[in-house]
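Here's the structure we're looking at; comments come further down.
The values are calculated or read from the model by the stated rules, or taken from the named source; none is laboratory data. In this text, all values refer to a predicted model and were calculated from it rather than measured experimentally. Don't worry about glycine lacking a Cβ; one is built from the backbone with ideal geometry, like all the others, and counts go over all protein chains shown. All accessible areas refer to the heavy atoms of the entire protein, side chains included, with ligands and DNA or RNA removed. Shrake-Rupley method; radii C 1.70, N 1.55, O 1.52, S 1.80 Å.
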Amino acid sequence: MKRVFYFLTCVLLTAACSGGNKQISVTVENPSTFDRPNEIVEIQWTAVKQKLSLTDNQTILVVDNLGQQQPFQLITNGSDSIQSIIFPVSLNNLEKKTYRIKAGKPQNFAPMVYGRLVPERKDDFTWENNRVAFRVYGPALQATGEISNGMDFWTKKTDSLIIDKWYKNDLSGKASYHQDHGEGLDFYKVGRTLGLGMTAPVYADSLCLGKNFTSAEILDNGPLRITFKLNYDPYKAGEKTVSETRVISLDAYNQLNKIVNIFETDTTELTLATGIVTIKDSPEITYGDNSGILAYEVPADSLNGTIFTGVINPKGFGSIKSSYGHYVGFNNYVPGTEYTHYVGGGWSKSGFANFDEWIGYLKKQKDKIDNPFKISVE
């Protein structure tokens, strides 16, 4: 009920709909030659509000061409005002559909994303959607001497949101989330590494890792997208001091997070390494494409199956190699600018039979990033 209440508050459902028949049509077209189900589209809120002549206390709904209401979310990006509206669209190859946005009272839709700071587990920040879950490590864990600013990956084979349940059961001793009790588990190893697809500066052929995040701020939290910001204490890259922030967002249905890093330092250029930790003394099964894809198959676990990991940098990589215990893509970077990439994982027991299927998924995701849906608003 708290999540539903948050959604209602977020989208300003503070009053019933007012009269009037104004509506706008949103036509969405798939430019790809493959089907694209449950993809989140985003429209600037100013266009919607102006075209509908909305007052601050009016509510809206989104309907498809059959008049069926669709889930949606109003995005604030942590500000005091609405920035955009998002909703899921499914289109076959080269298909086009029209949706309508109008004043009205929307249905309640169950959230498909969720995340929070977990102080009862040493300040983890953990988040999920209806496909996958992830976590990063906070200050209380660092205080124990365990330092890691890498990303962890939790496998799931349920559409349900499981974070609170898994933590509660694990901390009470009822059921460990390191064992599969029918919904998935955490069996990915991070340690003092980048984990799954994080980024760090390189200096004198050394990977310069920061420590655990110092603070976390939720910018949006469902029902279709969670976005949060992580801050880190400054750390050294050679003689230079680097300050880092990360803004991470995860949409419903997606295996991949969008990550926007900003590194600040008093130099005109840095070399950045985006990497996936590899398992020492094990054969490396990897895929690398300078146009922007990195993938690594974690050695199979005889009980729990195989994790597949991947990174997409829309602008490509300058070079790719195995180094520093990671499979890494390198890029030159101008400090203070945004460095954007996409990071996630798949599992042999939920949706991906083998590494080739995972690579196929990443290639399609890269195509989606390069060729977004064509959207027109009337």
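Apolar share of the accessible surface for the chain: 48 percent from carbon plus sulfur atoms, 1.4 Å probe. Of the residues I248, L303, G115, the one whose Cα sits farthest towards the positive end of the charge dipole of the chain is G115 (charges of +1 on Lys and Arg Cβ, -1 on Asp and Glu Cβ, taken about the Cα centre). Fully extending the segment from T98 to I147 would add 12.7 nm, taking 0.36 nm per residue of separation and subtracting the current Cα-Cα distance. Volume of the convex hull of segment 30-132 (Cα atoms only), normalised per residue: 149 Å³.
In this structure segment 297-371 gives 42 Å² per residue of accessible area when probed at 1.4 Å with all protein chains present. Near V26, once Lys and Arg are set to +1 and Asp and Glu to -1 for all other residues with Cβ below 15 Å from its Cβ, the sum equals +2.
Averaging 1/r across all pairs of distinct Cα atoms in segment 129-253 and inverting the result yields a Kirkwood radius of 16.0 Å. Our note on the geometry: Cα centres of segment 113-127 and segment 258-312, 23 Å apart. You can think of it this way: the chain between I218 and I285 has 20.6 nm of extra reach, that is 0.36 nm per residue less the Cα-Cα gap.
Rg and Dmax of segment 89-194, both derived from C-alpha coordinates alone, stand at 18.0, 54 Å. When the listed pairs K258/K363; K258/K368; K315/K368; K168/K229 are checked against a 18 Å cut-off, the alpha-carbon distance exceeds it for K168/K229. By its C-alpha gyration tensor, with a ≥ b ≥ c as the square roots of the eigenvalues, how is segment 234-378 shaped: rounded for a/c under 1.5, else prolate for a/b larger than b/c, else oblate? Oblate is the answer for segment 234-378, as a/c is 1.5 or above yet b/c matches or exceeds a/b. Modelled spin labels at S376 and E357, positioned 7 Å past Cα toward Cβ, are 3.8 nm from each other. An ellipsoid equivalent to segment 165-234, defined through the eigenvalues of its Cα gyration tensor, has semi-axes of 29, 19, 12 Å when rounded to whole angstrom and sorted largest first. For segment 205-335, the relative contact order works out to 19 percent when only alpha carbon pairs closer than 8 Å and six or more residues apart are counted. Net charge of the neighbourhood of K349, taken over other residues with C-beta under 12 Å away and scored Lys/Arg +1, Asp/Glu -1, is -1. Shape analysis of segment 118-179 places it in the oblate category; the axes a ≥ b ≥ c from the Cα gyration tensor give an a/c of at least 1.5, with a/b not above b/c.
For segment 242-323, the spread of Cα coordinates along the three principal axes comes to 48, 33, 24 Å, biggest extent given first. Its alpha carbons give the chain an Rg and a Dmax of 21.2, 68 Å.
Antiparallel DSSP bridges in segment 75-205: what percent, to the nearest 5? Of the beta bridges lying entirely in segment 75-205, close to 95 percent run antiparallel. Projecting label points 7 angstrom from Cα along Cα→Cβ for S25 and L303 puts them 5.8 nm apart. Using the Cβ of G195 as centre and a radius below 14 Å, the other residues enclosed give a net charge of +1, where K and R count +1 and D and E count -1. So, in Å, what gap is there between the alpha-carbon centers of segment 56-106 and segment 38-55? If you average the Cα positions of each part, the centres end up 7 Å apart.
Per-residue ellipticity at 222 nm from helix content only, as computed over the chain with -39500 (n - 2.57) for each DSSP H run of at least four residues, stands at -3500 deg cm²/dmol.
Full extension of the chain between N77 and T46 yields a length gain of 9.7 nm, computed as 0.36 nm times the residue separation minus the alpha carbon distance. Is segment 285-370 rounded, prolate or oblate when judged by the Cα gyration tensor, a ≥ b ≥ c being the square roots of its eigenvalues, rounded requiring a/c under 1.5 and prolate requiring a/b larger than b/c? Prolate, because a/c is 1.5 or more and a/b exceeds b/c.
Once both labels are positioned 7 Å from their Cα atoms along Cα-to-Cβ, the gap between T271 and T158 label points is 4.6 nm. Rounded to 0.05, the FRET efficiency of the A110 and D170 pair, given R0 = 22 Å and the Cβ-Cβ distance, is 0.35.
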